[in-house]
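The values are calculated or read from the model by the stated rules, or taken from the named source; none is laboratory data. Computed from a prediction, not measured in an experiment: that's the story for all the values here. Quick reminder, even Gly has a Cβ in these numbers, built from the backbone with ideal geometry, and neighbours come from all protein chains shown.
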Amino acid sequence: MQLFGIRLLGVNSDNATKLLLSLAVIGAVIFVRYLIVWIARAVTGEEPNERTVFWTRQGASLVTTIIGVLALLSIWFEDPTRLGTAAGLIGAGLAFALQKVVTAFAGYLVILRGKTFTVGDRITMGGVRGDVISLGFLQTRIMEMGEPPSAQSDSQPIWVRARQHTGRIVSVTNDKVFDEPIYNYTREFPYMWEEIKIPITYQTDRKMAEHILLDCAREVTESTTREAEAASRAFERRYFIALGSLEPRVFMRITDNWVEMNLRILVPIRGVRYCIDELSRLIMERFEQAGIGIASGTYAIVEFPPLRIEGPVAERIAEGLQAREQTHTRPRT
């Protein structure tokens, strides 16, 4: 093929036709993908189910990508032997140069097939805790959350000291599913057990304190416990694991300084901080009404040991004291 009298190397009418066909195939694939997503949104009504649309988009992207790749291979490789040779060389090169990319895509397939998590789930992946907002072929995007001080690492401290969003969106590669455990907080049982440690003195009425703690816990978590019963039964039928009682419980522990009362309650995954805040305020109010105080560590200093100063410092101090005494004892004229 010539352009302005210049012969273009490697370009002829056959290659130009294949190029045009390739562009047409890519355009058709993109059009079909968006058409499928549009149909999914139209079918779900005025308020589309975002989860259904998300998985429709994922399936459409995967299927159209495979069809597009097969179509491009059919256009450019008419001879099967040439196709096998080229595929072998390309595969070997990609396996060596793009190891992380291949592993990330394999992780994407594992996430889909293994139902590890989906959009909207609250997970911990790659050291990042938060809600999944997007799942791609190579990366998962997470709306980051804070963590309690006891759960934070020294290397990556977070300024939000509770399970609430920080505002940052973190992208994590999908290959983490092969290297680290993935914690899913909402997949099967969207509740978790939380414990509040309250120390009281040995002179406190422990039965009354326990009674107050249980009353406050039942008052705050009554609706949550009732809603979690159905999810608990479904979980036990599926996995043959007994979750035990969902009602609040107080566990006691004897220490050198006080009696440690651990209040164990069931809370929803979303809204843990609000639940703990409401419960803490209620406990403080009821404890004050009952005259129950919360124990704390105190130190009493009985006396100081005698001090003895020697050396040049002691000599200067002695000289200063002697001069001061002479000034006070000097008669006035």
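Quickly run through the stretch 193-220 and pick out the residues that are part of a loop (DSSP other than H, G, I, E, B) and crowded, with 17+ Cβ neighbours inside 10 Å. Correct list: 204 only.
Could you please find all residues in the stretch 153-204 being in contact with a helix residue (DSSP H, G or I) (Cβ under 7 Å, 6 or more places away or on another chain), of a type in the set (A, V, I, L, M, F, W, C) and closer than 25 Å to residue 239 by Cα? Listed by number, the residues that qualify are 177, 178, 189. Scanning the stretch 265-287 for residues that are more than 16 Å from residue 199 (Cβ to Cβ) and more than 22 Å from the chain's Cα centre (by Cα) yields 278, 279, 281, 282, 285, 286.
Of everything in the stretch 1-32 that is in contact with a helix residue (DSSP H, G or I) (Cβ under 7 Å, 6 or more places away or on another chain) and at pLDDT 70 or above, the residue that is farthest from residue 57 (Cα to Cα) is 18. Under the condition of being out of contact with any helix residue (DSSP H, G or I) (no Cβ under 9 Å at 6 or more places or on another chain) and assigned to a helix (DSSP H, G or I), which residue from the stretch 236-275 is surrounded by the most Cβ atoms within 10 Å (Cβ to Cβ)? Filtering the stretch 236-275 for residues that are out of contact with any helix residue (DSSP H, G or I) (no Cβ under 9 Å at 6 or more places or on another chain) and assigned to a helix (DSSP H, G or I), the one surrounded by the most Cβ atoms within 10 Å (Cβ to Cβ) comes out as 272. Can you say whether residue 223 is touching a residue at least 40 places away in the same chain (Cβ under 8 Å) and not in a strand (DSSP E or B), as far as the supplied structure shows? So residue 223 does not fit the description; no.
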